[in-house]
Every structure is written in C-alpha cells, then in structure tokens.
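Q: Got a structure here, written out as structure tokens. Questions coming.
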Amino acid sequence: MVGQKFGETKPSAIFRFNNAAFLHNYSISDLPAMKLTSYGMHSGNKPLHSLDFSKSIQESTSVEVVTALNHSLRTDSKWGSDTNDKPTTFDTKLPMYDIVLTGVDND
C-alpha cells in the first residue's frame, strides 16, 4: 500500500502488510475505509516502479504488457511526468515499512 501525508498529493511511504494475517475476511482493499492505527518497522527504501506488476513481467519478457494501472501511474501528473530525462516521483525511492500490528482506532 502506498501512503501519502495528509494534504499532499505525492506518495511518501510504502507499507507492506501480511495479507494472510487479516481476520474476519478483511482484505487490503478494506483498509482505506477504516480508521486504523498501525505499527511497523522500517525495512528499507524502494522505488515506486518496483511495485508495478507489469514492470516485473516486462523485465522477464520482450513483450511490453500494458494495463490501465500501468498507464495511469506513468501519465498521471501527481505521480510524475512520463519523461525519461529526469527522475520522477515514480522512480524516487520511498521509505518502506513492514506493518506488524494494526487495529481499529477507537476514539
């Protein structure tokens, strides 16, 4: 999951969850709708393009796989421009955190 600071449009961190640990049939797609508190540890830095599944396929084959996700990530202005002459947000390494505990925040 890619996170961003409140009020900003650029991604600021990558959060990794153990999908097998979710209880009560929750999935990763349920998390943005919930008010959660998460605890994790810094596990390195990773560029956003390494999270693009079509990139990993492209590296192992000579045929470019084009998907709607791939297209929107490369051309959406909030993720950086599609030029190859300068680094973009898509290429910038972000801090990555492995989440070890998450729970519903009870006000």
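Computed from the coordinates by the stated procedures, all read-outs in this text should not be read as laboratory data. Bear in mind that the values here come from a model prediction, so they are computed numbers and not experimental data. With ideal geometry, Cβ positions are generated from the backbone for all residues, glycine too; neighbour counts draw on all protein chains shown.
Q: Work out from phi, with θ = phi - 60° and the Karplus expression 6.51 cos²θ - 1.76 cosθ + 1.60, the ³J(HN,Hα) of each residue of region 28-38, listed in order in whole Hz, and give x for Gly and Pro.
A: With coefficients 6.51, -1.76 and 1.60, one gets 4, 6, 7, 4, x, 7, 10, 8, 10, 10, 10 Hz.
Q: Taking H as built 1.01 Å from N, whose amide H comes closer than 5 Å to the amide H of residue 36, not counting residues under 5 places away?
A: Amide H to amide H, under 5 Å and 5 or more residues apart or across chains, residue 36 pairs with 105.
Q: Moving to a separate point now. Describe numerically, in nm with one decimal, the distance between label points set 7 Å from Cα along Cα→Cβ at residue 20 and at residue 43.
A: 1.3
Q: What residues qualify as long-range amide H neighbours of residue 4, i.e. H under 5 Å apart, gap of 5 or more or another chain, H built at 1.01 Å from N?
A: Here the answer is 12, since their amide H atoms fall under 5 Å of that of residue 4.
Q: Which far-off residues, 5 or more places away or on another chain, put their amide H under 5 Å from the one on residue 16, with H placed in the peptide plane?
A: Placed amide hydrogens put 97, 98, 99 under 5 Å from residue 16.
Q: Compute the signed sum of charges (Lys and Arg +1, Asp and Glu -1) over the other residues within less than 14 Å, Cβ to Cβ, of residue 98.
A: Details: positive: 16, 46; negative: none.
Counting the neighbours of residue 98, the net charge comes to +2.
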